[in-house]
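Read the structure below first, then the notes.
Just so you know, all these numbers are worked out from the coordinates, no wet-lab data involved. The structure presented is a predicted model; accordingly, all values stated were derived computationally and were not measured. All Cβ positions, glycine included, derive from the backbone under ideal geometry; neighbour counts span all protein chains shown.
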Amino acid sequence: MTQRLDNLIVVLDVGSAWTRVLAVDLHENAMRYRGHAVMASAGMRKGLIAELGPAAKVVRAASEQAERVAQANIESCVVGVGGPHIRGLNTNGGLQLGSRMREITREDVRMAVERARAVERPPDREILHLLPRQFILDGQPGIFDPVGMVGARLEVDLHIATCSGSALQSTVTCANRAGLEVTEALLESIAAAESTLSADERELGVCLMDIGAHSTELAVFFEGAVAYTSSVPIGGAHFSNDLAIGLQMPVAQAEQLKREHGNAVVTAVPQDAEIEIANPQPQILPLRTVAEILEPRARELLYFVRESLRQGGVLDALGAGCVLTGGGALLPGMLDVTESQLRVPARIGLPVRLSHMPEELAQPGFSVAIGMLLYAYRTRMKRPAESSSLRSKLRAMFAESV
C-alpha cells in the first residue's frame, strides 16, 4: 500500500537507451533510498523524444514500479536534460554602483547577473542554468560572494547553460502525460558532476564526460566553478551500430558482444583470443576484430571531445584530468584512449553512495540520477536559509527561468 510523503524527492532520467526513476526520502536531514526502476526507453531518436506516446508510457510504467518499491505515491519529479542540443556560453556584465563606494546588496548582485545574462540568443534556446564563475569588485577578481563588501563597480563572469526549448518542453510534456509534475530541470552533465567529482578536482580543473547512448555530455570545472558545457553527438549506441554493420549482426547482439567482449584498444586484446558466435550459423570470431571496429570510434569520440574543449578554451585547464561516467564509460580501453588523446589522467566516475542504496546503483549509468538527487536535496535544505545564501538565491533565479 502506497502513502503520500511530503519529504520524498524523485528524479526522472529519460535517456536514449534507459529510463530511470529514483526516489529517496529525507530522514533526519539526510537522504535515504526508497526505491527505483529502470526500463528500456521508447519513442527516442538520436537522444531526443521523437514520439511522446511510447516515451510517456515507459515513464509511467517506471514511476509506478518505483512507487511499489518505495511504497509511496510519486506525484512530482526533477528531470534531467541532455543531448546534442546543449550549448554553453560565458559572458560578463556589471553595473556602476555610484560615484562613491558603498556596501554591496543582494539586489546589486541580482542586477549584475541580469545584465550578464542579457545576451542575444536564438529564440528557441532556453536557459537551464545561470552559473556565476566569479565576481569582480572594482577590478578585484576571484570573489564568490560580494554581499557586504564595499565598492563602486560590480561585475560578474557568468556561465549560461542553454538547451533547445522544444526538447525541454518535450521532456516536461512526457512527464506530465505520465502523471508527474516537473518541479525542476537540470543539465545532465552538471548532475553527473555533482555525484562523481571531488572538490579538489573542481578546483584544479577537470572535464566530466558523461557518455550516454547517443551523445556525450561535457562539463569542465576550473577554480571551483563551471567553465564550459557542451555535448558531442557520439555515444555508446554508435559503437554498437558499428559492430552490427561491420559484423553483419543484429544491433541487440552487437550490444551484447560489446558489453561482454569489447575493448577500445586493439593491442590490449590477446592475438589468439576468440569466441564462438551465431551469425546466423556458429562461427569463430577473433576478439581483435571486435576491437578493430571499436577503437576507431573511440578515437573519433575523443577527437571531437578534444576539439570541443579546444574551441571552448579549456583544453589546457584540466589539471586534475578527465572523469568518465555514464554507461559508455564501462567499455574497457576508454580510459587509455582518453589519456592518449587528451594527454591528461583519466578515471571512471562512480556515484556517491546513498543510505540503504542497492549495490546495483553504484554504477556510472546512475551518476546523473544520483547527482540530480544530490542537487535537489541541497536546494531543498538551503531553502529555509535562503536569505543568507547567495548561491541559493542564484538557484532560485534559475528555477524561475525554466
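How would the stretch 143-240 be classified by its alpha-carbon gyration tensor: rounded, prolate or oblate, with rounded meaning a/c under 1.5 and the a/b versus b/c comparison settling the rest? Walk me through the numbers on the way to the answer.
Values: a/c = 2.48, a/b = 1.46, b/c = 1.70.
Cα axes put the stretch 143-240 in the oblate bin.
Excluding A193 itself, what net charge comes from residues whose Cβ is under 12 Å from its Cβ, given Lys and Arg +1 and Asp and Glu -1?
On the way: positive: R202; negative: E188, E194, E201, D210, E217.
Once all neighbours under 12 Å are counted, the net charge is -4.
Is the stretch 278-385 rounded, prolate or oblate when judged by the Cα gyration tensor, a ≥ b ≥ c being the square roots of its eigenvalues, rounded requiring a/c under 1.5 and prolate requiring a/b larger than b/c? List each step's numbers first, then the result.
Values: a/c = 3.08, a/b = 1.42, b/c = 2.17.
Oblate shape, in that a/c is at least 1.5 and b/c is the bigger or equal ratio.
Using modelled backbone amide H atoms (1.01 Å from N, in-plane), which distant-in-sequence or interchain residues come within less than 5 Å of I275's amide H?
Those lying under 5 Å, H to H, from I275 are L285, L287.
Using alpha carbons only, how many degrees (0 to 90, rounded to 10) separate the axis of helix 367-382 from the longest principal axis of the chain?
Helix 367-382 sits at roughly 20 degrees to that axis.
Taking all pairs of different Cα atoms in the chain, averaging 1/r and flipping that mean, what Kirkwood radius in angstroms comes out? It would help to have the intermediate numbers written out before the result.
Details: mean 1/r = 0.0448 Å⁻¹.
Value: 22.3 Å, from the Cα pair sum.
Between P84, P123, P296, find the one with the highest GNM mean-square fluctuation for the chain; connect C-alpha pairs within less than 10 Å.
Result for the chain, Cα springs under 10 Å: P123 fluctuates most.
Given Cα pairs under 8 Å that are at least 6 residues apart, what percent is the relative contact order of the chain?
Computed value for the chain: 17 percent relative contact order.
Could you state the angle between the C-alpha long axis of helix 106-117 and the longest principal axis of the C-alpha atoms of the chain, as a value from 0 to 90 degrees rounded to the nearest 10?
Around 50 degrees separate the two axes.
Tell me, in nm to one decimal, what length is gained between S355 and V147 on full extension, where the rule is 0.36 nm per residue of separation less the Cα-Cα distance? Don't skip to the end; give the middle numbers.
Details: separation 208, 0.36 × 208 = 74.88 nm, distance 3.61 nm.
Extra length available between S355 and V147 comes to 71.3 nm.
At a Förster radius of 22 Å, what calculated FRET efficiency corresponds to the Cβ-Cβ distance of E75 and T173, to the nearest 0.05? Let's see the in-between values first.
Numbers: r = 17 Å, r/R0 = 0.76.
The pair E75/T173 has a calculated efficiency of 0.85.
Given a 10 angstrom Cα cut-off, can you work out which residue in R60, R102, R343 is the most mobile in a GNM of the chain?
Highest fluctuation among the options: R102.
Using only the alpha-carbon atoms, how far is helix 251-261 inclined from the longest principal axis of the chain? Give it as 0 to 90 degrees, nearest 10.
For 251-261 against the chain, the angle is about 90 degrees.
Each residue of the stretch 348-356 in order: what ³J(HN,Hα) in whole Hz does its phi give by Karplus 6.51 cos²θ - 1.76 cosθ + 1.60, θ = phi - 60°, with x for Gly and Pro?
Using θ = phi - 60°, the values come out as 7, x, 9, x, 5, 8, 9, 4, 6 Hz.
Along the stretch 139-146, what does the Karplus equation 6.51 cos²θ - 1.76 cosθ + 1.60 (θ = phi - 60°) give for ³J(HN,Hα), rounded to whole Hz, x for Gly and Pro?
x, 8, x, x, 9, 8, 10, x
Could you give the length gained on full extension between Q283 and Q134, defined as 0.36 nm per residue of separation minus the Cα-Cα distance, in nm? Don't jump to the answer; show the numbers that get you there.
Values: separation 149, 0.36 × 149 = 53.64 nm, distance 6.01 nm.
Between Q283 and Q134, full extension yields an extra 47.6 nm.
Which of the three applies to the stretch 229-305, rounded, prolate or oblate, going by the alpha-carbon gyration tensor with a ≥ b ≥ c and a/c under 1.5 meaning rounded? All intermediate terms of the calculation are to be shown ahead of the outcome.
Numbers: a/c = 2.92, a/b = 1.57, b/c = 1.86.
Oblate shape, in that a/c is at least 1.5 and b/c is the bigger or equal ratio.
Radius of gyration and Dmax for the stretch 87-163's Cα atoms, expressed in Å?
13.0, 41
How high is the relative contact order of the stretch 87-163? Use alpha-carbon pairs under 8 Å, at least six apart in sequence, and give a whole percent. Intermediate values should be presented prior to the final figure.
Numbers: 164 pairs, mean separation 37.6, N = 77.
Relative contact order for the stretch 87-163 comes out at 49 percent.
Take the Cα of N92, step 7 Å along the line toward its Cβ, and report every residue of the stretch 135-161 whose backbone nitrogen sits under 17 Å from that point.
Once the point is set 7 Å along Cα→Cβ of N92, 135-144, 152-160 turn out to lie under 17 Å by backbone N, inside the stretch 135-161.
Taking the chain as a Gaussian network, where each spring joins two C-alpha atoms under 10 Å apart, which residue of E276, E75, E217 fluctuates the most?
Of E276, E75, E217, the Gaussian network model singles out E276 as fluctuating most.
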